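Engineer: Pasting a structure below so you can have a look.
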Amino acid sequence: MSELLCLVVRAAFYGLLVMLVLSWLQVPSSHPIGKIDTVLRRIYGPALRPLGRVIPPLRTSAVAIDLSPIVLIILLQVLIFVVC
């Protein structure tokens, strides 16, 4: 059972990393990669939205950096350390 949980948590971690990399690309949603990005945003959105409300974005001159994905990555890494 713990092996299955470990697999799920690691898949969530790598899926989040893929979503972050795809967020840097400008791909239309009709493109296959854009569709993957849309699916990943639907999966991780419910976890990232509450974190985004609690953690304010880091503001630099003209850019605001959302720190909620970084916090979720850290939480998943802690969970991987504990479970696996």
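The values are calculated or read from the model by the stated rules, or taken from the named source; none is laboratory data. On a predicted model such as this, the values are computed, not experimentally measured, just so you know. Here the Cβ is made from the backbone with ideal geometry for all residues, glycine too, and neighbour counts use every protein chain on show.
Engineer: For region 30-53, what are the residues that are of a type in the set (Gly, Ala, Ser) and either assigned to a helix (DSSP H, G or I) or in contact (Cβ under 8 Å) with a residue 24 or more places away in the chain (or both)?
Structural biologist: Initial filter on region 30-53 (of a type in the set (Gly, Ala, Ser)): 30, 34, 45, 47, 52.
Selection gives Gly34, Gly45, Ala47, Gly52.
Engineer: Would you mind finding the one in Val21, Val27, Val71, Val8 that is β-branched (Val, Ile, Thr), at pLDDT below 95, over 23 Å from Cys84 (Cα atoms) and not in a loop (DSSP other than H, G, I, E, B)?
Structural biologist: Going through Val21, Val27, Val71, Val8 in turn, the sole match is Val21.
Engineer: Assess whether Ala47 counts as being within 15 Å of the chain's Cα centre (by Cα), loosely packed, with under 12 Cβ neighbours inside 10 Å and modelled with pLDDT of 90 or more.
Structural biologist: Criteria not met by Ala47.
Engineer: Pairs needed: first member in region 54-74, surrounded by 10 or more Cβ atoms within 10 Å (Cβ to Cβ); second member anywhere, in a strand (DSSP E or B) and among the small types (Gly, Ala, Ser); C-beta distance under 8 Å; at least 6 residues apart or different chains.
Structural biologist: Close Cβ pairs (under 8 Å, with a partner that is in a strand (DSSP E or B) and among the small types (Gly, Ala, Ser)) amount to Pro57/Ala64; Leu58/Ala64.
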